[in-house]
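The values are calculated or read from the model by the stated rules, or taken from the named source; none is laboratory data. Keep in mind that this is a model prediction, so the values were computed, not measured. A quick note on method: Cβ atoms are made from the backbone with ideal geometry, for glycine too, and the neighbour counts reach across all protein chains shown.
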């Protein structure tokens, strides 16, 4: 169904494709919102909706797609928020929301995606907050390179990221950040020296067995810091 510019509805027989594993709907510019029959595609592992222009919300029935591993809604400019039902997709390994220009918040439920290894948030230009429990995506080994593009981000919590080994230098470009939490990231071996550039930072929490060893001299530049949580 790729690039189906004149499609305005899904056929009723859509629900019969119970063995379907890959659905490519990229570029369907005139399609209506997703039908409830979507819930019957329980074998689906890959769903590509890149550039699905009229996508605003996903139906609640979306949560039935328990086998989904790759979900791509990049460049869906009308898409405003990720559904709470996303937390049921525990097999999801890749979530691509690149270029969703009207996306403001990521649901806290994103933290339940314990199999997630790839999160692409490049071009989400007005995103102001990441989920508080993103750290529970325990298989995330690195942060997206595009993190430094979120100039309006004020709170970033990546606590409990058991597989995270380093923080990006790009994080230092998020100059609006006032609250940074990286608690219990047991494999984190160093902090980016550039974190000293986060001049507005007020709260910094790094509760870990080796938190003192992680502290860099450059953190002395954080003149606005009023709360520092270190230790176990």
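Annotations
- Those residues of region 188-197 which are over 22 Å from the mean Cα position of the chain (by Cα) and either surrounded by 15 or more Cβ atoms within 10 Å (Cβ to Cβ) or assigned to a loop (DSSP other than H, G, I, E, B) (or both), in sequence order: 189, 194, 196, 197
- Some residue of region 66-77 being buried (at least 18 other Cβ atoms within 10 Å of the Cβ), touching a helix residue (DSSP H, G or I) at 6+ places or on another chain (Cβ under 8 Å), over 13 Å from residue 25 (Cβ atoms) and assigned by TED's automatic domain parsing to the domain that holds residue 14: no
- Among the candidates 120, 87, the residue that is within 27 Å of residue 44 (Cα to Cα) and either modelled with pLDDT of 80 or more or out of contact with any strand residue (DSSP E or B) (no Cβ under 8 Å at 6 or more places or on another chain) (or both) is uniquely 87.
- Which numbered condition residue 63 fails, given (1) assigned to a loop (DSSP other than H, G, I, E, B); (2) at pLDDT 80 or above; (3) closer than 19 Å to residue 91 by Cβ: (1)
- Only listed residue being assigned by TED's automatic domain parsing to the domain that holds residue 201, modelled with pLDDT of 70 or more and under 14 Å from the mean Cα position of the chain (by Cα), chosen from 150, 156: 156
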